[in-house]
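One structure below.
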Amino acid sequence: MRAIISVSDKSGITDFARDLTEFGVEIFSTGGTKKALQDASIPVHSVSDITGFPEILDGRVKTLHPMVHGGILANRDIGSHMSQLKDKGIAPIDMIVVNLYPFVQTVSKDEVSLQEALENIDIGGPTMIRAAAKNFPHVLVVVDPADYVPILGKLRAGEIGIDERKRLAQKAFQHVAKYDTAIAGYLRPKDILFPDEMTIALRKVQDLSYGENPHQQAAFYREEIIGRGEPGIASAIQISGKPLSYNNILDMDGALRAACDFAAPTIAIIKHTNPCGLSSNKDLAEAYRRALEGDPVSAFGGIVASNTKIDMATAQEINRTHFDGIIAPDYEEKALSLLKKKKDMRILKVADVGSKSGIMELRRVSGGGIVMMTPDCTADVVPMKTMSKREPTEKEVADLLFAWRAVKHVKSNAIVLVRDSTLLGMGAGQPSRVDSVAIALKKSGERAAGSVLGSDAFFPFPDGVELAAKAGVTAIIEPGGSVRDKEAIEVADKYNMAMVFTGMRHFKH
């Protein structure tokens with residue numbers, strides 16, 4: 001057997017190569033890989049010994065040669081292929097062990113130049129990988145160090161079967177596809193959000209025990225984004241507790257997004273992706289207490305998120321209620337020790353809690369997908385135009401702004417009631433907006449009096465406004481835009497409510 005080994009990720013490569021020589025494998029290599037093998041006293045030849053031609057163009061061309069690719073691509077079952085190899089003096093190559101230049105790592109560095117990025121676009125490597133993967137029944141292609149030990153085991157057993165070869169080929173094509181995706185993403189102009197063709201690079205974080213329901217299979221993937229690590233649940237580290245489930249991940253993500261949409265210390269409590277508790281306060285423990293009061297029944301078994309370090313006082317409060325999980329940027333040492341006493345509660349730490357730029361949202365639909373851009377967290381300026389006769393008070397304005405941020409994290413049709421930067425009640429996911437108002441009022445109870453209301457979209461009829469006014473709501477923030485806006489404003493004026501329009505809506509389907 002003859003093998004070409006040329007890897008950027010050199011983990012485990014010397015042990016693998018040394019074991020290959022025990023099977024009589026003749027190894028050829030280039031550059032840094034060759035030096036690493038030589039330093040480990042492993043017999044290795046230069047690829048130039050195959051090609052009879054030196055590396056040129058500062059190493060840009062070293063394996064792009066018929067003596068290499070003829071040896072890789074020849075189908076051993078086609079007599080004419082083997083005859084041509086013999087006539088041209090080309091020896092078959094039986095194994096390609098290659099992984100690619102660290103393009104993503106390179107272009108993610110600060111102030112990387114275009115020239116440096118271009119020099120880290122691998123050409124020979126992907127070409128060899130693709131050639132070997134095309135001819136996988138006859139040539140082993142290995143791109144992942146995790147496969148070294150299993151391959152050696154199969155060699156010792158005497159054979160690497162067609163199914164294993166096919167698996168390795170699939171992995172190889174995916175490796176190159178992800179690499180090309182990174183390059184295309186880097187080269188794409190920043191003002192082109194939705195190109196005509198687009199691929200997304202994903203790396204599996206973990207398998208999940210099941211999906212949304214026990215009969216569904218599921219896995220968790222992290223998107224690899226050029227230039228930055230994406231903040232959020234995909235980059236979180238689990239510190240303690242049971243393994244994450246599919247639903248845990250969705251709720252953790254919803255909780256983190258809600259909490260991190262506020263600049264002040266904020267606690268979000270999420271149940272089934274909706275915030276049932278949400279509060280901002282300079283005292284985090286007080287923010288938690290107020291968030292819990294929003295709906296203590298629904299909060300049971302939910303997810304807690306904080307946009308700042310969890311201190312001991314907050315941990316003591318959290319510890320009094322059963323939650324499936326908690327996520328925060330950090331924890332005081334004593335607070336973490338206390339929380340970890342609940343062995344089943346999932347505790348996650350996420351280093352970067354706020355998105356510094358808009359992110360692309362992708363949702364699958366039958367036969368395809370839909371994509372949209374989500375704006376920066378905490379960066380959007382809220383345009384507020386008073387439509388009622390009465391201007392909102394300074395306190396009402398503060399709560400209206402809180403309500404406007406809160407309502408975009410609630411499933412449409414979404415209604416929230418807020419007082420003192422605290423969610424008192426919400427109505428979510430109802431086909432009728434007035435029904436969402438009724439649910440929010442029911443959840444708030446007597447606390448609705450003196451609160452403000454946020455609506456993710458306009459009121460198609462004034463009935464929702466009237467219902468809120470009769471319960472004592474003093475101000476409303478909504479997008480406006482209904483043909484019956486005038487009627488809604490008239491109801492607000494009738495009850496001396498302040499009503500402001502934003503001109504934008506916050507549907508969350």
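No value in this document is a laboratory result; all are computed from the given coordinates. Predicted model only: the values in this text are computed from it and were never measured. Glycine gets a Cβ as well: all are built from the backbone with ideal geometry, and neighbour counts include every protein chain shown.
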Q. By a straight-distance test (C-alpha under 19 Å), which aspartates and glutamates pair with residue 88 as possible cross-link partners, with residues fewer than eight away in the same chain excluded?
A. 49, 77
Q: Select one label from (i) 184; (ii) 192; (iii) 201: the one whose number is volume of the Cα convex hull per residue in Å³ as derived from the coordinates shown.
A: (ii)
Q: Arrange the following residues from fewest to most other Cβ atoms within 10 Å of their Cβ: 297, 350, 141.
A: 297, 350, 141
Q. Taking the alpha-carbon set of the stretch 31-134, what are its Rg and Dmax in Å?
A. 16.2, 54
Q.
Per DSSP helix of 4 or more residues, -39500 (n - 2.57); summed, then divided by the residues of the chain. What does that give at 222 nm, rounded to the nearest 500?
A. -10500 deg cm²/dmol
Q) P(r) of the stretch 382-501 in 10 Å steps, Cα pairs, percent per bin? A) 17, 55, 28, 0
Q: For each of 360, 67, count neighbouring Cβ atoms within 10 Å of the residue's Cβ, then give the residues from fewest to most.
A: 360, 67
Q. Hey, how much of the P(r) for the stretch 65-114 falls beyond 18 Å, as a percent of Cα pairs?
A. 50
(Q) I want to check the label-to-label distance for residue 432 and residue 395. Put each point 7 Å from Cα in the C-beta direction and report it in nm to one decimal. (A) 3.4
Q.
Of all beta bridges DSSP finds with both residues in the chain, what is the antiparallel percent, to the nearest 5?
A. 55
Q) How big is the stretch 239-320 in terms of Cα radius of gyration and Dmax, in angstroms? A) 11.7, 33
(Q) Could you tell me how far the Cα centroid of the stretch 254-284 sits from the Cα centroid of the stretch 78-138, in Å? (A) 49
Q: Obtain the nm distance between the two label points defined at residue 8 and residue 321 by a simple spin-label model: each point lies 7 Å from its Cα along the Cα-to-C-beta direction.
A: 4.7
Q: Give the cross-link partners of residue 309 among the lysines, using a straight C-alpha distance below 16 Å as the criterion and excluding same-chain residues fewer than 8 apart.
A: 282, 334, 340, 349
Q: Would you mind giving the three semi-axes, in whole Å and largest first, of the ellipsoid equivalent to the stretch 2-187 according to its Cα gyration tensor?
A: 26, 19, 18
Q | By average C-beta atoms within 10 angstrom, highest first, the peptides 438-445, 95-102, 108-115 | A | 95-102, 438-445, 108-115
**Q.** residue 446 versus residue 205: modelled label distance in nm, points set 7 Å from Cα along the beta carbon direction
**A.** 4.4
